[in-house]
Amino acid sequence: MSKINNGFSLCLFFLLWCLVHSGIAIDPFSHSHSLETECLIKPPRSNETQGLLLLSRSVEDDSEQEWKIDGNGIIREMAQRIQLYRGNIYSFSAWVKLREGKNKNVGLVFRTEDGRLVHGGEVRAKQGCWSLLKGGIVPNVSGPVDILFQSEDREAKIVANNVSLKQFSKEEWKLKQDQLIEKIRKSKVRFEVTYQNKTAVKGAVISFKQTKPSFLLGCGMNFRILQSECYRKWFASRFKITSFTNVMKWYTTEKTRGQENYTLADSMLRFAEESGILVRGHNVLWDDPKMQPSWVPKIKDPEDLMNVTLNRINSVMKRYKGKLTGWDVVNENVHWDFFEKRLGVNASSSFYNLAYKLDPDVTLFVNEYNTIENPEEVTATPINVKKKMEEILACPGNKNIKGAIGAQELDMPKCANQGKYVEDILREAYSHPAVKGIIIFAGPEVSGFDKLTLADKDFNNTETGDVIDKLLNEWQQKSSEVRNIFMADDENEDGEVSLLHGHYNVSVSHPLMKNLSTSLSFEVTKEMGERQVVRVVINA
């Protein structure tokens, strides 16, 4: 959770979209997912009876009793002041719409006594239907705040309904996290063992072992892993997903025009494959003008620039086709527009189109920084990052792209209680249903990661390294066994267990029947619902 100079910080939960390279991976967008923010003709009826602020009836901005407009014409303010206390977590929600005009961003703002503004959430509001705005803050100091709505349109007329502000202690918040994790990361599995005639095999023992978790907590990797066997052993014993820091980037693979060199990237990928480690591709192109190969900005002819750019996309994506889990196609293309300025406003969309044609099965990311951890960010806000993804998917030929959003967040300078802060962030992400994986920008001392250092020169864990190992262990299902459901004297007579999503190997045996033995594999997924039945038929 990022701190800012007015003593308040954003609550990660409410702005979390999902991430990637040094970040967290989001639920992919595709033609089967709705790209539009949920918008309802009528807001849901609220059953809330508790909260610091509860407002169930419609309130329009021209109602002087409830709203007023500041002199700058931008902020619509609720005429109610709320006292916040350090150490608590505050969640805000409201259904909002525009009375007239085109779609506009409507944000939530908390104003402190000294007039400073803390942004706490945003939604794309529309005329004629209601959109849900969620937000919140974690105050680092106690004090009163005013709740405000803010619009990019000075003339916007905002209507709000079901406005709610709730207060949670850290213990209460942790309990809600645990409840969400149980709901979104696990499913109930019921084992049934029968003979071919469907008669139950009473007393059968079902042993299961998770071979691959669905949710992966990974770690960045740089070229130094090729120089240290200890680094390689340390990494492979922990992580099953990674993203290379620089070796796949254009400025590394083609330092001189026409002279490509993939030696480092190939070697690191070979190590990853041999160790069963998945790799996210970072990156095909980078929209930051300072992050091009030194010779690229010197190209003045747009046609020539287009040719070398297309060559880059073809070269790197064909080379690694089918070997990566995803690609940051045009990195940081919300903050920057190097290619758009020189090749047209639809440059990014066309590059994603080519990437999709070259490798249609790989996930293609819009990857940005400052998206969720910097409340003063105005460019790459969650709304704007999502909008960029939607623009790309809306272009002809792109609707079937497996699109996803990434946020480069999980890097942190050395500080007191770093391990605690890292754990708070990771648990918050893990409890969010859209987050599909996390890659932290960290490593052992020998790797050169000098901010988030997980192990010293002798590969002994740092405090933060202990946190990562604890979470790796916690987020992988422990091997266990259950008895067949028809054993009436067994504590697990219902044969149902709660399992983390992932792939499993199962073996079935019987203590009194030595010849009864079989094995199978199965997968537990959220798509299968809250409960899943695994049937094992014994040929005997």
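The values are calculated or read from the model by the stated rules, or taken from the named source; none is laboratory data. Bear in mind the structure is a predicted one, so any value in this text is a computation, not a measurement. Neighbour counts are summed over all protein chains in view; Cβ atoms, including those assigned to glycine, are modelled from backbone coordinates with ideal geometry. Only protein heavy atoms, including side chains, enter the accessible area calculation; ligands, DNA and RNA are left aside. Shrake-Rupley method; radii C 1.70, N 1.55, O 1.52, S 1.80 Å.
Here the stretch 298-421 is described by how far its Cα atoms reach on the three principal axes: 51, 33, 29 Å, from widest to narrowest. Overall, the stretch 224-475 carries a charge dipole of about 800 debye about its Cα centre when +1 sits on the Cβ of Lys and Arg and -1 on the Cβ of Asp and Glu, all other atoms neutral.
Highest-first packing order for the peptide set 525-538, 424-437 is 424-437, 525-538, based on the mean count of other beta carbon atoms within 10 Å.
Rg/Rh for the stretch 224-475 (Cα atoms only, Rh after Kirkwood) is 0.97. Over the stretch 306-355, the reciprocal of the mean inverse Cα-Cα separation, the Kirkwood hydrodynamic radius, stands at 11.6 Å.
Altogether, the Stokes-Einstein calculation at 37 °C and 0.692 mPa s, with the Kirkwood radius of the stretch 116-169 over Cα pairs as Rh, returns a diffusion coefficient of 245 µm²/s. Ordered by 1.4 Å accessible area with all protein chains kept, Tyr85, Tyr231 run largest first as Tyr85, Tyr231. Only lysines eight or more places from Lys157 in sequence, or on another chain, were considered; those with a Cα closer than 26 Å are Lys42, Lys68, Lys97, Lys102, Lys104, Lys126, Lys134, Lys166, Lys386, Lys387, Lys388. Computed over all pairs of different Cα atoms, the Kirkwood value for the hydrodynamic radius of the stretch 226-286 is 12.4 Å.
What is the count of Lys pairs in the stretch 196-339 whose alpha carbons sit under 18 Å apart, if the two are 8 or more places apart or on different chains? Counting lysine pairs in the stretch 196-339 gives 12.
Near Tyr262: Cβ cut-off under 13 Å, other residues only, Lys/Arg at +1 and Asp/Glu at -1. The net charge is +4.
Under the classification rounded if a/c is under 1.5, otherwise prolate if a/b is larger than b/c and oblate if not, where does the stretch 139-189 fall, given a ≥ b ≥ c as square roots of the Cα gyration tensor eigenvalues? Oblate, because a/c is 1.5 or more while a/b does not exceed b/c.
For the stretch 355-408, the C-alpha radius of gyration divided by 2.2 N^0.38 Å, with N the number of residues, is 1.23. Shown here: the stretch 393-540, whose C-alpha atoms stretch 61, 53, 24 Å along the first, second and third principal axes, sorted largest to smallest.
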